[in-house]
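Accompanying notes for the structure given below.
The values are calculated or read from the model by the stated rules, or taken from the named source; none is laboratory data. Everything numeric in this text was worked out from a predicted model, so none of it was measured. Methodologically, a virtual Cβ is constructed for each residue, glycine included, from the backbone with ideal geometry; neighbour enumeration extends over all protein chains shown. Remember, those area values only see protein heavy atoms, side chains included, never the ligands or the DNA or RNA. Shrake-Rupley method; radii C 1.70, N 1.55, O 1.52, S 1.80 Å.
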Amino acid sequence: MNRRMYFVLPDVETAQQVEHDLLLARIEERRMHFLGRRGTDLKDLPEASNAQKSDLRHGMYVGLVAGVVTGAILGAGLYVYPDLIGIPVNPGAILLLAAFGAVLGVFVSGPLIGSSTPNVHLKEFDKDFEQGRIVLILDIPKDRVDEIRTLIKGHFPAAEDHGVEPTMPAFP
């Protein structure tokens, strides 16, 4: 299981040095995601993907819950009032409509809405972005969290530790 760590770095040069130290500590480049104010030249640093910048995951979760509830209510309504569509409805239709609602909700709320909404977890960094700082998002194994925190804080005292998410999703 991986954990997602957040650090705020003072500038791009420091971010490059941190990346170098993390690579020496055998943290793969694909596990590092750097973010700066819009228009900031991150040089050769691995930039955060659109899925990490947007609220895709949260949007998919909200769509899943809303779709299941809406589909189940629609299915229950058709079961209780079969005259609405003119044919009797099997109780299994409730589950079928709930599943259909879940799929439709995930599709509509995730890629269509969530991908165009800024990530709620990155909201706390707005002031840092305005000041030209760089945010580092690390996805690392949970048994290396303390080691990596010590490495970054030991070599770069100006780096601000912004905590660890308790679980890191497999996607994105």
*How large is the accessible surface per residue of segment 102-168, computed with a 1.4 Å probe and reported in Å² as a whole number?*
56 Å²
*Just grab the label-to-label distance for residue 107 and residue 28, each label 7 Å out from Cα along the Cβ direction, in nm (one decimal).*
3.1 nm
_At R0 = 25 Å, FRET efficiency that the Cβ-Cβ distance of residue 162 and residue 43 yields, to 0.05_ = 0.65
*Cα-centre dipole for the chain with unit charges at Cβ (Lys and Arg positive, Asp and Glu negative), debye to 20*: 340 debye
_I want to check the label-to-label distance for residue 11 and residue 127. Put each point 7 Å from Cα in the C-beta direction and report it in nm to one decimal._
2.2 nm
*Carbon and sulfur: what percent of the chain's accessible surface (1.4 Å probe)?*
62 percent
*asked:* Can you list the DSSP H helices in the chain whose Cα atoms extend at least 27 Å along the helix axis and whose mean Kyte-Doolittle hydropathy is 0.5 or higher?
replied: 56-80
_Built amide H within the under 5 Å cut-off of residue 54, gap 5+_ = 119
*asked:* Tell me the mean residue ellipticity at 222 nm calculated for the chain from its helices only (DSSP H runs of n ≥ 4, each -39500 (n - 2.57), averaged over every residue, nearest 500).
replied: -13500 deg cm²/dmol
*Looking only at trypsin sites (Lys or Arg not before Pro) in DSSP loops with at most 16 other Cβ atoms within 10 Å, what is the longest site-free stretch of the chain?*
44-172
*Cut-off 11 Å, label 7 Å out along Cα→Cβ of residue 84, residues of segment 39-71 by amide N*: 71
